[in-house]
Structures are given as C-alpha cells and as structure tokens.
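Single-structure report; data block below.
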C-alpha cells in the first residue's frame, strides 16, 4: 500500500521533476537533427557504389519498426502499471519491453553485419558513412536504454517502487518514446524515401 | 475511488489510441513508398507529412505533452526544439545546394571556359 502511495505521488509530480531530463532529450533531438542534415546532404554521394535503393530491404525494416513501436507501447503500459502500484504487472511489461528492444537491436546488428559482409562498409562512400553514423547513433541509444531497463528491473525486483525507482521509470519512459520517434524519422527518410527515389 | 479508476482507464485508452494511430500511419507510409503512389517531390512531402503527424500523435498520446499544468515548460521547450531542428535541417540543405552551385570543381570550371571560347569562334 505504501508502494502505491509513493509511486502515485512520484508519478503525479513527474512533470516538474523530469524537466532537466526533458531538456536533455530536446538537446538529443538537435544532435539527431545534425545527423539527419548530414545524411540528407550526402545521400546521393555513393562514389559509384550502390545507393539506398539497392541496399535496403523494406519488409525487414518494417518489421523492425513494428517491433520498436510495440516496445514503446509496452513501456507506456509499464509506466501505467507503476501508477497503479502494480509491481508484478510493471515487471512483466518491463521484461517484454526489454525483449522487444533486444529483438530490434539484434535485427539492426544483423543488417549492419550483412552490409559490411557484402563490402558496403562505412569507408566506401560518404553516403554509407552518413548512414552508419545516423543509424548507429540511434542503435547506441537503444543499447543504453536496454542497459537502463535491465538495471531498473533488477532494482525494482530488489527494493520495490521507491521514490528513486519510480522517478527513474518515468524518465526511462520519456527516453524510450523519444527513441521510437527518432526511429520513425529514420524509417521515413533513410529507408522509405531512400528506397523509392 | 471511482474517479481514480476512470482516470487510469482514460490513460490506458490514450496509450492504445496512440499505438493504433502510429501503426496506421506507419503502414500508410510503407504502402505509399512501396507502391510508388506519388512521384519524386510529392512522395517526399507525403512521407514527411506522415512522419510529422506520427511525431505529434506520439508526443500527445505517449509523452502527454498536452496534459501539463500551467507553466507549460515541457511544451515550450518542445516547440523551441522543433524550430531549431527545422532551421538546422532546412538551412543546411539550402546552404549546401548553393555551395554545390557556386563552388564547381576546378577542372569543370576550365572545361566550361574552353567551351565558351569554342563557341565564340
């Protein structure tokens, strides 16, 4: 019962407490904007090699997008269960979010591996450099998020919904939704537009 | 108590609605690109529009941007960031376009001068 009261109090005032974290997310947006701009400038500079149209498989990337979108949804459900003070449900959704995130990053690493194996690595052209930096930066954020989920899950299992853990969960929620939004733009610009123009 | 459960239900509905809208927008964008329903610039604008609508769907349903209390600092910084990001991306493309035009490679410059000389004979 105390868990419920603390968690509710924490999550209700999250708007104020997380303002600093929100500012960090906004600056991260600017980081991604610079990488998007770089990619947009360089996307035709293939140095005679294959471009986006030849390299990317759309159904594979659509599957990745759906997985990340679902994980964003389950992360929201985790925050919601914390609001209700339901620890068991919260852990359940966190584990599902983690597994979906892991599936996403595995698919991305597989895709990178495949490209490098076929000889299309980041040293081949400006287009591939910009592509690997943009998508790789997003992937690094996802790996950071996965580590965060793992650590937080262990903490909540051990000490329950304290002031600290529920505050951390609220920030994790913002971070994970943000990564999904960035991926939507990568999916649209790099993959959909790249593969059809 | 009943008021409390109502509130919880409504946020569950919010998340579900956001999820469904996002999936619909993603699949629409995918079909538009796969079947080539639009040509060149029209395609870019349509897919850009779909991505931006999904940004707003997720910002409101997942990040709860509209539900803040009065000094809406999160919303203000969000709008400010949108402006910065737009300036950054659009102006980069604009500058690079002019740069490509004004700074042609040296050989090409010479080649163009030669062509001009030829035509003046």
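The values are calculated or read from the model by the stated rules, or taken from the named source; none is laboratory data. All of these numbers come straight from a predicted model, not from anything done at the bench. Reconstructed Cβ throughout: ideal geometry from the backbone, glycine too, with neighbour counts over all protein chains shown.
Numbers for the structure displayed
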| quantity | calculated |
| --- | --- |
| Flag for residue A:100 being part of a helix (DSSP H, G or I) and farther than 30 Å from residue A:50 by Cα | yes |
| Only listed residue being facing chain B (nearest Cβ under 8 Å), assigned to a helix (DSSP H, G or I) and under 11 Å from the mean Cα position of the chain (by Cα), chosen from A:184, A:193 | A:184 |
| Segment A:81-97: number of residues that are within 15 Å of the chain's Cα centre (by Cα) and surrounded by fewer than 21 Cβ atoms within 10 Å (Cβ to Cβ) | 1 |
| Segment A:76-87 residues that are more than 9 Å from chain B (Cβ to nearest Cβ) and touching a residue at least 60 places away in the same chain (Cβ under 8 Å), paired with ones that are assigned to a helix (DSSP H, G or I) and surrounded by fewer than 20 Cβ atoms within 10 Å (Cβ to Cβ) (beta carbon under 6 Å, 6 or more apart) | A:85/A:3; A:85/A:4 |
| Subset of segment B:17-27 (residues that are over 27 Å from residue A:54 (Cβ atoms) and either facing chain A (nearest Cβ under 8 Å) or not in a helix (DSSP H, G or I) (or both)) | B:18, B:19, B:22, B:23 |
| All positions within segment A:162-181 that are assigned to a loop (DSSP other than H, G, I, E, B) and crowded, with 23+ Cβ neighbours inside 10 Å | none |
| Condition check for residue A:72: part of a helix (DSSP H, G or I) and within 11 Å of chain B (Cβ to nearest Cβ) | yes |
| Filter result (over 17 Å from the mean Cα position of the chain (by Cα) and assigned to a helix (DSSP H, G or I)) within segment B:28-38 | B:31, B:34, B:35 |
| In segment A:116-134, the residues that are touching a helix residue (DSSP H, G or I) at 6+ places or on another chain (Cβ under 7 Å) and buried (at least 18 other Cβ atoms within 10 Å of the Cβ) | A:120, A:127, A:130, A:131, A:134 |
| When residues of segment A:39-64 are limited to those that are under 21 Å from residue A:120 (Cα atoms) and at the interface with another protein chain (Cβ under 8 Å from one of its Cβ atoms), the one surrounded by the fewest Cβ atoms within 10 Å (Cβ to Cβ) | A:58 |
| Wholly within segment B:39-120, helices (runs of 4 or more DSSP H) carrying at least 3 residues that are within 12 Å of chain A (Cβ to nearest Cβ) and either surrounded by 11 or more Cβ atoms within 10 Å (Cβ to Cβ) or modelled with pLDDT of 90 or more (or both) | B:40-61, B:73-102 |
